[in-house]
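*Asks:* Got a structure here, written out as structure tokens. Questions coming.
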Amino acid sequence: MKKVKFTKFILLSFLPVFLFISSGCFDVKREIVMNPDGSGDENLYVTLDKEFFERMNILATSDATGKWKKRADSVNDNTMIENRIKMDMGRVGGTSVKEVKVTSNADGTKEIFMQYHFDEPIVLLKVIKECTFSWSNQLPVQFSTLKFQYDEGDLFFKHTTRKAERSFDDELMNSVFSPIYASKKVSYSIEFPFDVKESNAMTSAGRTLSWEMTFDNIMFNQQTDTASLVKDPTLELTYAEKIDRTIGKVSQKENPLIRVQVYNRNKEPVKIGTGVVLKDGLLVTNFELMNLIEGAGFFSVILPSDSLAGIDEMTERDLDQKQDLVFLRYGAPDKFKPIKYAAVSSAKYGDKVKLFYYPNTLSSIVYSMDGMMSAVKKWTNNTSLIEIKPNKPISLDGGAVFNEAGEFLGMITKAYDGEVGKIYLVPAEYIKSQTPTK
């Protein structure tokens, strides 16, 4: 791991329900029904028991800041709870709330119910992220991921939850609630729109699979829930990533891509980016990726063998912030296929292109997606950038785009704020002109 030197909260009445959906202390049940296009509906049930309220009161009286006192008061007001849920759900794009209901029981418990519609699977994570943001430490740590990937007629589902304590590290809260983490759980079921081949679900009934995890596991450990589904190979799924095992001119074995892993201040991985290998021992990646506040300047270069590369010292010439470029020299025995550069003048509207990228730090498989050339736009006084329209919306931290001749057209950048649904490239021609010679 290497550190690069670059020159470069709270709604107190917020409902604690969603905090503890991800890191807390009562039982949660989620019932999800998915449609083939990725949309669907969720029924969410939360039970607040007497012990929850007792521990909230302990937390409120132990906290000198007063913030937990206000939070404890808020959970006693059913109308406030309902209004807060609706307000916070309103911030989550791709959702429409159908019903929110809070019921107080005679035994001192509360039942919270919410039903909402979602436009795509990733929204299921956004709901939790948005509604817990003001309760977290607000570091950009992804403790929960959800992916759909397909390969011909097979569709793979993968949901991973890992160490939510990285986001919810309030020592006082954990000291009060951690004794009951192991006894409280989240259970969820998904009714998939496709037949199930196999899964690691706890129970299954036809296309409906169910999993369960304790809050102790959510907070301090890891759980990965998986399923293999059967789909019509002709059916296009905009929410799923295609596993491309036959890269073509840019082969998986000799592809010019390499993973760049960024870490937070605790040296925990927070983001994976894609670097482009320009020649043996030299890669280019995004300045924006490397200069992330959450990354704190720590990063590693991960070789195709999954081992870490040694990294040489950088010079000022290696940084080109205006064009979102960072050049890195690294040591590795791996040999890469020589890269061929495409000229910006050769890029025409409607030309077919292919995007290549690494989806995550756990996989050495290169993913790809088709797209088309849509425009060349002015970026700075002296440089342009290339606009690409991918076949489906996608957000990438770096990656390489090639034309039909297998020539490097440009590197994906997020530094240019353009049209929604478009991807923008730092031209390969410009990258070549700035590549350090030593």
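*Asks:* Looking only at the range 60-103, which residues are among the β-branched types (Val, Ile, Thr), buried (at least 16 other Cβ atoms within 10 Å of the Cβ) and within 18 Å of Tyr116 (Cα to Cα)?
*Replies:* Hits for the range 60-103 are Ile81, Ile85, Val92, Thr95, Val100, Val102.
*Asks:* Now for a separate question. Does the range 124-135 contain any residue that is in contact with a strand residue (DSSP E or B) (Cβ under 7 Å, 6 or more places away or on another chain) and more than 18 Å from Val186 (Cα to Cα)?
*Replies:* No, that holds for no residue.
*Asks:* Looking at (1) hydroxyl-bearing (Ser, Thr, Tyr); (2) buried (at least 21 other Cβ atoms within 10 Å of the Cβ); (3) over 22 Å from Thr435 (Cα atoms), which is the only condition Ser395 fails?
*Replies:* (2)
*Asks:* Are any of the residues in the range 233-242 at pLDDT 90 or above, not in a strand (DSSP E or B) and not charged (D, E, K, R)?
*Replies:* no
*Asks:* Would you check if there is a residue in the range 348-356 being part of a loop (DSSP other than H, G, I, E, B), modelled with pLDDT under 90, among the basic types (Lys, Arg) and on the phi < 0 side of the Ramachandran plot?
*Replies:* Looking for residues that are part of a loop (DSSP other than H, G, I, E, B), modelled with pLDDT under 90, among the basic types (Lys, Arg) and on the phi < 0 side of the Ramachandran plot, one finds at least one in the range 348-356, hence yes.
*Asks:* When you scan the range 409-425, do you find a residue that is over 18 Å from Tyr357 (Cβ atoms), more than 28 Å from the chain's Cα centre (by Cα) and not basic (Lys, Arg), even just one?
*Replies:* no
*Asks:* Name the one entry in Lys158, Lys126, Lys147 that is in the same structural domain as Glu51 (by TED's automatic domain parsing), under 22 Å from the mean Cα position of the chain (by Cα), among the charged types (D, E, K, R) and not in a strand (DSSP E or B).
*Replies:* Lys126
*Asks:* For the condition more than 30 Å from Val366 (Cβ to Cβ), assigned to a helix (DSSP H, G or I) and of a type in the set (Gly, Ala, Ser), what is the one hit in Ala64, Ala72, Ala106?
*Replies:* Just a single option satisfies the conditions, and that option is Ala72.
*Asks:* Let me ask you something else. Mind checking which pairs have a first residue in the range 257-282 that is in the same structural domain as Leu425 (by TED's automatic domain parsing) and a second that is acidic (Asp, Glu), Cβ under 6 Å, 6 or more apart or different chains?
*Replies:* Cβ pairs passing all conditions: Asn264/Glu294; Val270/Glu294; Gly273/Asp397.
The values are calculated or read from the model by the stated rules, or taken from the named source; none is laboratory data. These numbers come from a predicted model, not from an experiment. FYI the Cβ positions are ideal-geometry reconstructions off the backbone, even for glycines, and counts take in every protein chain you see.
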